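Step one of this worksheet: look at the structure below.
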Amino acid sequence: MTKSVKKATRKAVAVEPDARKRNLQRLRRIEGQVRGIQKMVTEDRYCADILIQVSSVQEALRAVGRELMRNHLKHCATRAIRSDNAGAEAMYDEIVDLMDRHSR
């Protein structure tokens, strides 16, 4: 098994039901916004109007990312850091990588 496959099959330690529900609602809304953008492009709508919608989708995705990061730090990272030195070191590296990717 490759490293990327292992990461793809990992499960969250704990996800608060309300957080999961909020994230799914946000993602459905984002999906609708993206479909709206596709329609705008198909209809040759004014570029500035499309760009405003793209910015809105980007911010909505950032909000989902922040919520996921909060949950990850609160549950997954806390558990790994408390487990052992190797788990803590690996989690530290993962958090640094996630923060770097998320802040782009």
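Listed values, structure above:
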item: Residue within region 74-86 that is within 25 Å of residue 22 (Cα to Cα), outside any helix (DSSP H, G or I) and charged (D, E, K, R) present; result: no
item: Residue that is surrounded by 15 or more Cβ atoms within 10 Å (Cβ to Cβ), assigned to a helix (DSSP H, G or I), within 14 Å of the chain's Cα centre (by Cα) and of a type in the set (A, V, I, L, M, F, W, C), where the choices are 40, 91, 69; result: 69
item: Filter result (out of contact with any His (no Cβ under 7 Å at 6 or more places or on another chain), among the small types (Gly, Ala, Ser) and closer than 14 Å to residue 23 by Cα) within region 37-73; result: 60, 63
item: Residue within region 2-12 that is of a type in the set (Lys, Arg), assigned to a helix (DSSP H, G or I) and surrounded by 10 or more Cβ atoms within 10 Å (Cβ to Cβ) present; result: no
item: Counted residues, region 16-36 - those being over 18 Å from residue 62 (Cβ atoms) and free of Cβ contacts under 8 Å to residues at least 24 places away in the same chain; result: 6
item: Top-ranked residue of region 13-37 - restricted to ones that are hydrophobic (A, V, I, L, M, F, W, C) and not in a helix (DSSP H, G or I), ranked as modelled with the lowest pLDDT; result: 13
item: Where a residue in region 67-96 is touching a residue at least 24 places away in the same chain (Cβ under 8 Å) and its partner, wherever it lies, is among the basic types (Lys, Arg), with Cβ under 7 Å and at least six apart; result: 67/22
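The values are calculated or read from the model by the stated rules, or taken from the named source; none is laboratory data. Since we're looking at a predicted model, the values are computed, not measured. Cβ sites come from the backbone with ideal geometry, for glycine too, and all protein chains shown count toward neighbours.
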